[in-house]
């Protein structure tokens with residue numbers, strides 16, 4: 001069976017950002033790696049520990065994993081992932097694939113893919129989608145019986161579940177379209193906040209951008225942020241790598257972050273605590 005768009009894009013990005021030993025990438029990794037190594041060396045020295053070769057190799061592997069996670073959460077990586085995924089899905093639309101087929105390429109837990117799905121329909125129809133009901137009407141996805149199997153060219157019921165009735169398929173379509181809409185709007189909201197921070201915005205500027213501007217309710221589910229405040233916290237966390245174990249060693253202190261974006265220190269602590277669960 002052919003690989004879906006998500007798998008193709010991730011494989012390309014791993015090669016481009018992680019395994020491709022270009023001078024630029026190697027330099028980036030070393031810039032991140034050296035502070036971690038130096039910090040660990042100081043720790044060994046402080047406690048008068050002489051590590052074995054095996055321990056040193058294990059340390060480096062841990063550091064590389066932390067750096068890989070940092071790269072995966074970087075704006076450059078996420079922007080490239082979005083761009084490549086958009087191009088791949090748009091190519092399918094240009095080939096004549098209908099929205100039901102495109103929907104089979106969307107991973108429900110990847111909010112950026114849901115955003116792209118909505119964006120493509122908006123571009124094709126020439127309208128702005130502001131509700132799950134509108135998304136369902138424009139996509140024509142009113143029934144979902146299972147998943148599309150590219151190898152057999154047919155819809156198969158989800159593993160371990162018998163084929164649903166027409167009513168059940170209609171109910172499932174409503175549920176999945178609503179989730180797609182929420183996740184797509186959440187992606188637009190969260191990436192807007194992150195882009196603002198990257199451009200030098202302060203905490204007060206983030207508060208002006210409200211969830212309702214992205215057609216989100218007061219509270220929602222199935223995303224990292226579940227309301228305006230927690231979405232703002234996650235945006236701060238991703239921008240300053242607060243959520244990454246290596247972040248505190250690679251970037252300014254939490255108090256420095258608070259001073260930079262002129263946020264109450266309690267807000268930065270909330271971001272820190274939120275990402276620890």
FRET efficiency estimate (nearest 0.05) - Cβ-Cβ, residue 94 to residue 46, R0 45 angstrom: 0.15
Projected label distance in nm at residue 54 and residue 207, using a 7 Å step from Cα toward the beta-carbon: 5.5
Could you list 270, 79 in order of exposure, starting from the residue whose Cβ has the fewest other Cβ atoms within 10 Å? 79, 270
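Expressed as a whole percent, how much of the Cα-Cα distance distribution for segment 189-274 exceeds 19 Å?
Percentage above 19 Å: 33.
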Over segment 189-274, what relative contact order in percent results from Cα pairs under 8 Å that are six or more residues apart? 30
Cut-off is 10 Å between beta-carbons; in what order do 267, 60 appear when sorted fewest neighbours first? 60, 267
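Computed from the coordinates by the stated procedures, all read-outs in this text should not be read as laboratory data. Since we're looking at a predicted model, the values are computed, not measured. Cβ sites come from the backbone with ideal geometry, for glycine too, and all protein chains shown count toward neighbours.
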